[in-house]
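A short worksheet on the structure shown next.
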Amino acid sequence: MITDPAIPLPGYGVLYEDEDLLVVDKPTRMLTQPGVGPGKDDSLITRIQREWPQARIVHRLDWDTSGLLLIALNAASHRALSIQFQERETEKTYIAVVHGHLHRPSGTVDAPLGPDRARAPRHLVTPTGRPSLTHWEVIGQEGPHTRVALHPVTGRSHQLRVHMLHLGHPILGDTLYAPPEIQAAAPRLLLHAARLGFAHPRRGEAMVVESPVPF
């Protein structure tokens, strides 16, 4: 599961840098931050901190999700950017390929999510969960599958994966939630954080950074 820190990261790159922040492109199958347990010390933030020791995580992506991550380079920017995420003032677009064909061009999943305590680390739709909202739109059909743009309003763990499963359209390559044949339909989880919009923490100007979809 954990990559060798001596090996260069495929797809890793700094897409934007200034004195306050970085926007980086996380490859699939890498932890955002160190995990719990042996063999989980290596992560994207530990690698970034070799060059920027002051770097702090603002938000996270799952191990197998690729794409854009915002990194703060000082306490003030970390505080300002974190507030934007907490207040849902950021714009986030993910691209995914899901199993099957959706019957409408766009829609919304409004379904509360909570931990699946019998099958950790999975999550599930449950009436006792936290409010969770995702907007989606169809980009195009690809054989028996559909490429979609996903716009999460909330930021719950595994939100996009569970919401698409809830619709009956699991994401290809999802080893946590998809049936075996859909897991095997792709060499990785086909979920990528492709667009991130936010206000610069010092200057206040609107910023948008995009990452090419690798699938």
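The values are calculated or read from the model by the stated rules, or taken from the named source; none is laboratory data. Because the structure is a prediction, the values reported are computed rather than measured. Neighbour counts run over all protein chains shown; Cβ positions are idealised from the backbone, glycine included.
Structure notes:
- Failed condition for Q141, given (1) polar (S, T, N, Q); (2) within 24 Å of S77 (Cβ to Cβ); (3) not in a loop (DSSP other than H, G, I, E, B): (2)
- Qualifying residue in the range 61-72 (condition: at pLDDT 95 or above and either farther than 21 Å from L160 by Cα or among the basic types (K, R) (or both)): yes
- For the range 142-178, the set of residues classified as of a type in the set (K, R) and over 19 Å from T32 (Cα atoms) consists of R147 only.
- When restricted to residues that are under 28 Å from L15 (Cβ atoms), more than 16 Å from the chain's Cα centre (by Cα) and of a type in the set (A, V, I, L, M), the range 153-199 contains 2.
- When residues of the range 170-192 are limited to those that are within 14 Å of G100 (Cβ to Cβ) and without any contact (Cβ under 8 Å) to a residue 12 or more places away in the chain, the one surrounded by the most Cβ atoms within 10 Å (Cβ to Cβ): P179
- For the range 131-160, filtering for residues that are within 22 Å of T90 (Cβ to Cβ) and in contact with a strand residue (DSSP E or B) (Cβ under 6 Å, 6 or more places away or on another chain) leaves 19.
Per-residue answers, yes or no, for (1) at pLDDT 95 or above; (2) assigned by TED's automatic domain parsing to the domain that holds A72; (3) surrounded by fewer than 17 Cβ atoms within 10 Å (Cβ to Cβ):
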site: L102; (1), (2), (3): yes, no, no
site: S106; (1), (2), (3): yes, no, yes
site: V109; (1), (2), (3): yes, no, no
site: L124; (1), (2), (3): yes, no, no
site: G168; (1), (2), (3): yes, no, yes
site: G204; (1), (2), (3): yes, yes, yes
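- Enumeration of residues in the range 193-215 that are without any contact (Cβ under 8 Å) to a residue 24 or more places away in the chain and of a type in the set (S, T, N, Q): none
- Take the conditions (1) within 20 Å of the chain's Cα centre (by Cα); (2) surrounded by fewer than 17 Cβ atoms within 10 Å (Cβ to Cβ); (3) modelled with pLDDT of 95 or more; (4) among the aliphatic types (A, V, I, L, M); L150 misses just one of them, which is (2).
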